[in-house]
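So the structure is just underneath, and the comments pick up after that.
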Amino acid sequence: VQLQACGGGLVQSGGSLRLSCRASGINFSINTMNWYRQAPGQERVLVTSITSDHVTTYADSVKGRFTISRDNIRRTMYLEMSSLKPEDAAVYYCNVFLRSRHYWGQGTQVTVSS
């Protein structure tokens, strides 16, 4: 299983970014995919998920600002982030829970300047 995330960067508060995560080695279309984030000194937390049926869930902290989506043909998951706040700054990880274990992408850094 390989998860390749990209799209992070530096953005001003109130700005937008789009993250992508391409998966290989899994039957992408049938798996729930997740985005987690980890800020310095904090635990890694679940931000949003999308099921195979495109049902989405969001942490309260990002509802209305972040949108998760997936393209099963491209085996890619996306995270559209808007109205970014300094507290959104973190390393963002794509994730799939498969065969009783977590698989993680390498993480992509999001920095939000105030």
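The values are calculated or read from the model by the stated rules, or taken from the named source; none is laboratory data. Note that the coordinates shown come from a computational prediction; the quantities given were computed from them, not determined experimentally. Using ideal geometry, Cβ is built from the backbone for each residue, glycine included, and neighbour counts are taken over all protein chains shown. We work out accessible area using only protein heavy atoms, side chains counted, and drop any ligands, DNA or RNA first. Shrake-Rupley method; radii C 1.70, N 1.55, O 1.52, S 1.80 Å.
Rolling a 1.4 angstrom probe over the chain with all protein chains present gives an accessible area of which 47% lies on carbon and sulfur atoms. Fully extending the segment from His54 to Ser114, taken as 0.36 nm per residue of separation minus the present Cα-Cα distance, adds 18.3 nm.
What's the longest bit of the chain with no exposed trypsin sites (Lys or Arg not before Pro), using DSSP loop states and at most 13 other Cβ atoms within 10 Å as the test?
Details: sites that count: Lys63, Arg74, Arg99.
Segment 1-62 is the longest.
Cysteines in the chain that lack a partner Cβ within the 4.7 Å cut-off: Cys6. Sparsely packed loop sites in the range 1-104 (the GluC sites (Glu not before Pro) outside DSSP H, G, I, E and B with at most 14 other Cβ atoms within 10 Å) comprise Glu43.
For the chain, calculate the relative contact order in percent as a whole number, restricting contacts to Cα pairs under 8 Å that are 6 or more residues apart.
Details: 271 pairs, mean separation 41.8, N = 114.
Reported relative contact order: 37 percent.
Seen from Met77, the other residues with C-beta closer than 9 Å to its C-beta sum to a net charge of +2, counting Lys and Arg as +1 and Asp and Glu as -1. Annotation: amide H of Lys85 within the under-5 Å range of Gly14, sequence separation 5 or more or interchain, hydrogens built in the peptide plane.
Across every pair of non-identical alpha carbons in the chain, the mean reciprocal distance, once inverted, gives a Kirkwood radius of 14.0 Å.
Accessible surface computed residue by residue for the chain, with neighbouring protein chains in place and a 1.4 Å probe, gives 53 Å² per residue. Once all protein chains are placed together, Met77 keeps about 0 Å² accessible to a 1.4 angstrom probe.
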